[in-house]
1. Which one is surrounded by the fewest Cβ atoms within 10 Å (Cβ to Cβ), of the residues in the range 225-272 that are charged (D, E, K, R) and within 19 Å of the chain's Cα centre (by Cα)?
2. Would you say Phe223 is at pLDDT 95 or above and away from the ligand (no atom under 13 Å from the Cβ)?
3. May I ask you to verify whether Phe153 is on the phi < 0 side of the Ramachandran plot, aromatic (Phe, Trp, Tyr) and either in contact with a Gly (Cβ under 9 Å, 6 or more places away or on another chain) or modelled with pLDDT of 95 or more (or both)?
4. Assess whether Gly169 counts as being within 16 Å of the ligand (Cβ to nearest atom) and either of a type outside the set (Lys, Arg) or open to solvent by 10 Å² or more (accessible area, probe 1.4 Å) (or both).
5. Within the range 173-193, can one find any residue that is surrounded by fewer than 20 Cβ atoms within 10 Å (Cβ to Cβ), farther than 23 Å from Leu258 by Cβ and within 14 Å of the chain's Cα centre (by Cα)?
6. When the residues of the range 131-149 are filtered to those that are open to solvent by 20 Å² or more (accessible area, probe 1.4 Å) and assigned to a loop (DSSP other than H, G, I, E, B), which remaining residue is nearest to the ligand (Cβ to nearest atom)?
Amino acid sequence: MPNPPDSPLRERIKQRLEFYEDLGLGPFYRGRTSIATHDRTIAPALAASGLVPTLKQPSVPKTVLKTTAAPPAPASVLPKPLVPSVSSGPSLFDARIEGDSLLKIREDLGECTRCKLHRGRNKIVFGDGSPQSQLVFVGEGPGADEDAQGLPFVGRAGKLLTQMIEAMGLQRRDVYICNVVKCRPPGNRQPEPDEVETCSPFLFRQLDSIKPKVIVCLGATAFQTLLQTNRSISHYRGQWLDYRGYKMLATYHPAYLLRNPAAKSEVWKDLQKVMAELGLEVKRPKAK
Ligand code: URA
């Protein structure tokens with residue numbers, strides 16, 4: 001039976017669609033027919049509302065695959081659509097916004113209060129660096145220093161990241177640095193799933209706007225968010241992966257390196273792969 005116009009479900013759908021429109025996804029239009037029939041709770045209401053996203057680009061295969069001779073990814077590592085009831089056609093995860101820019105994304109983010117992290121933050125940490133960079137580093141979320149300054153990776157872990165970037169023969173201004181969540185989680189805890197779900201679409205848009213040649217995930221949260229998987233980073237660290245057509249590599253987070261300096265050599269090997277991919281000179285230590 002159709003839901004009355006003011007039912008809680010209808011209100012929830014309306015709020016969710018407004019949220020997607022805040023993210024720049026949409027506009028939503030009436031009359032699309034490809035509503036999944038299997039989800040009997042939400043599909044009829046969505047169909048009745050006539051509000052389903054307009055998607056501008058075809059689906060890009062989304063897999064956790066090595067770029068060479070990769071077997072098909074198991075279903076368990078495939079990203080889940082953000083709106084599970086719209087099962088045919090591309091998911092919102094695939095939606096790309098033509099002509100999007102970091103400025104527009106920042107504007108859409110606004111003085112965000114979409115999740116509980118806004119309550120404890122001082123400054124939103126949107127991202128920093130070159131909007132045209134071929135290389136993007138994605139961390140987890142701001143810490144105390146980042147929250148105070150509104151810039152990513154400026155604390156102790158950030159100083160180490162800066163050294164790593166410089167060891168690659170680059171400057172911070174040559175790359176783009178951002179995080180999965182834009183507000184500091186209290187006590188530097190890991191961001192919770194609802195916070196990641198709410199904030200990560202802005203990250204997806206940032207990446208689509210920059211269109212980097214290589215994305216480096218710093219730590220498990222970035223890796224798991226971009227590949228929409230719960231798998232441990234350890235099996236994938238240092239391997240070329242595919243995030244929606246972008247080359248992606250996951251490595252240890254600099255904060256982990258501060259606690260485990262012995263792992264720095266692994267990270268350096270990973271970064272050398274990135275340098276080779278970007279055509280940067282890989283310096284070899286001089287023979288003594
Ligand atoms: N750790 C992160 O993941 N991001 C930052 O910006 C700082 C520390």
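1. Pass one, the range 225-272, residues charged (D, E, K, R): 231, 237, 242, 244, 247, 259, 264, 266, 269-270.
The next check asks that each one be within 19 Å of the chain's Cα centre (by Cα); those that pass are 231, 237, 242, 244, 247.
Numbers: Arg231: 15, Arg237: 19, Asp242: 19, Arg244: 20, Lys247: 18.
Residue satisfying both the conditions and the ranking: Arg231.
2. Against the criterion (at pLDDT 95 or above and away from the ligand (no atom under 13 Å from the Cβ)), Phe223 does not qualify.
3. On the way: on the phi < 0 side of the Ramachandran plot: no; aromatic (Phe, Trp, Tyr): yes; either in contact with a Gly (Cβ under 9 Å, 6 or more places away or on another chain) or modelled with pLDDT of 95 or more (or both): yes.
Against the criterion (on the phi < 0 side of the Ramachandran plot, aromatic (Phe, Trp, Tyr) and either in contact with a Gly (Cβ under 9 Å, 6 or more places away or on another chain) or modelled with pLDDT of 95 or more (or both)), Phe153 does not qualify.
4. Working: within 16 Å of the ligand (Cβ to nearest atom): no; either of a type outside the set (Lys, Arg) or open to solvent by 10 Å² or more (accessible area, probe 1.4 Å) (or both): yes.
Against the criterion (within 16 Å of the ligand (Cβ to nearest atom) and either of a type outside the set (Lys, Arg) or open to solvent by 10 Å² or more (accessible area, probe 1.4 Å) (or both)), Gly169 does not qualify.
5. Here is the first cut: in the range 173-193, the residues surrounded by fewer than 20 Cβ atoms within 10 Å (Cβ to Cβ) are 173-174, 186-190, 192-193.
With the extra rule that they be farther than 23 Å from Leu258 by Cβ, the set shrinks to 173-174, 192-193.
When the remaining residues are screened for being within 14 Å of the chain's Cα centre (by Cα), the result is 193.
For the range 173-193, residues surrounded by fewer than 20 Cβ atoms within 10 Å (Cβ to Cβ), farther than 23 Å from Leu258 by Cβ and within 14 Å of the chain's Cα centre (by Cα): present.
6. If we take residues in the range 131-149 being open to solvent by 20 Å² or more (accessible area, probe 1.4 Å) and assigned to a loop (DSSP other than H, G, I, E, B), then Glu140 is nearest to the ligand (Cβ to nearest atom).
The values are calculated or read from the model by the stated rules, or taken from the named source; none is laboratory data. Quantities reported herein were computed from a predicted structural model and do not represent experimental measurements. Note that each Cβ is placed from the backbone with ideal geometry, even for glycine, and that neighbours are counted across all protein chains shown. We work out accessible area using only protein heavy atoms, side chains counted, and drop any ligands, DNA or RNA first. Shrake-Rupley method; radii C 1.70, N 1.55, O 1.52, S 1.80 Å.
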